[in-house]
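Accompanying notes for the structure given below.
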Amino acid sequence: MSTEDIIYEVKGKAVVITLNIPKKLNALNGDQYLQLGKYIEEADKEEDTIMTIIQSTGKFFSAGANFADKKLMETDPAELFTHEYWLSRFVARNVWLTNLFNDHKKILVAAVNGPVIGLTSALLLLCDLIYVNDLSKFYLLAPFANLGLVAEGASSATLYSRLGWSKAAEALFLAKPISGHDCYNAGFINKHYDGKFESVEEFNTTVQNELLDAVENLHEDSILQNKQLLKLSRDQHINNANSQEVMRGLGKWLEGVPQGRFAQLAVKEVKHKL
Ligand code: CO8
């Protein structure tokens, strides 16, 4: 296995993007989210693929934004309360990343080996097909209310549309994790495997093979056009949510609450409901 933090590979008709920071539960810093976005862009332009699969190594799909981001730590504290800093580091990045996931032309698949948190949970909510290794070990946590933040990555729209109002309210108002079983019952998860695999790699390979088999002999242009048609009805909701969320999020960073909460999270003074 490569030592890169995020790996990009073309495997037949699929691009496979692997989050590979298992020691940090695949939490991503600003540069790594940027890299993920660049890879999604690259995958969009691949001539011979029909799907883009996102997968991870280790026991988490992703623990969201890295609370110990070095760049954040090394920034002059005075800058951490300025429009200049958060417009580029937060507003622009979140709008861009969310749009890239929403507008991705290929089938966007997630092979989910474990829990997902924060901004990455919002990106997962923008994937088309969700395959989970073990429902009993999976949860989706959108802990924005515990961090002095608001919903990100259009999750205020997607939580509602994919899990229903009640679960969206639990996630966003109470910062409660939504269990794998609840996600499955809501129809968010396409398939799960009862954790039957010996390794995450075996799970990832199985999902890849099943998906490549599933598209075999189908007419690719029809698939791609169907994706465009299917997403037409959600675009307005996603785009509205994306712009509203970043404006409110910017306000929270300028207020300064999340900076403090992130620092407390790093020393475990703030904990999430699990
Ligand atoms: N960032 C950095 N490191 C992390 C993160 C994270 N988000 N999550 C886990 N880790 C690290 C831990 O520090 C630990 O490292 P080490 O072994 O070196 O001490 C290792 O991963 C294992 O973690 P734990 O020991 O904590 O494992 P547990 O099983 O006890 O707990 C949890 C797992 C519950 C996931 C816990 O680690 C946790 O609460 N993590 C924080 C999750 C979180 O709040 N993520 C942020 C969500 S908000 C978001 O994504 C959008 C914010 C936008 C920010 C924009 C900034 C520019």
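Here, each number is a calculation from the coordinates, and none is a lab measurement. Note that the structure is predicted; figures quoted are calculated from it, not measured. Reconstructed Cβ throughout: ideal geometry from the backbone, glycine too, with neighbour counts over all protein chains shown.
How big is the antiparallel share of DSSP beta bridges in the stretch 6-266, given as a percent to the nearest 5?
Here the antiparallel bridges make up roughly 30 percent for the stretch 6-266.
With the crude spin-label approximation of a point 7 Å out along Cα→Cβ, what separation in nm comes out for Ile223 versus Glu210?
That separation, rounded to one decimal, is 1.6 nm.
Let me check against my output: what whole-number percent is the relative contact order of the chain, with C-alpha pairs under 8 Å and at least 6 apart?
Over the chain, the number comes to 20 percent.
What is the distance in Å between the Cα centres of the stretch 64-142 and the stretch 246-274?
A separation of 15 Å, based on Cα centres.
Ignoring everything except DSSP H segments at least 4 long, calculate the 222 nm mean residue ellipticity for the chain; use -39,500 (n - 2.57) per segment, divide by total residues, nearest 500. Kindly include the intermediate steps, with their values, before the conclusion.
Numbers: 11 runs with 129 residues, N = 274.
The helix contribution divided over the chain gives -14500 deg cm²/dmol.
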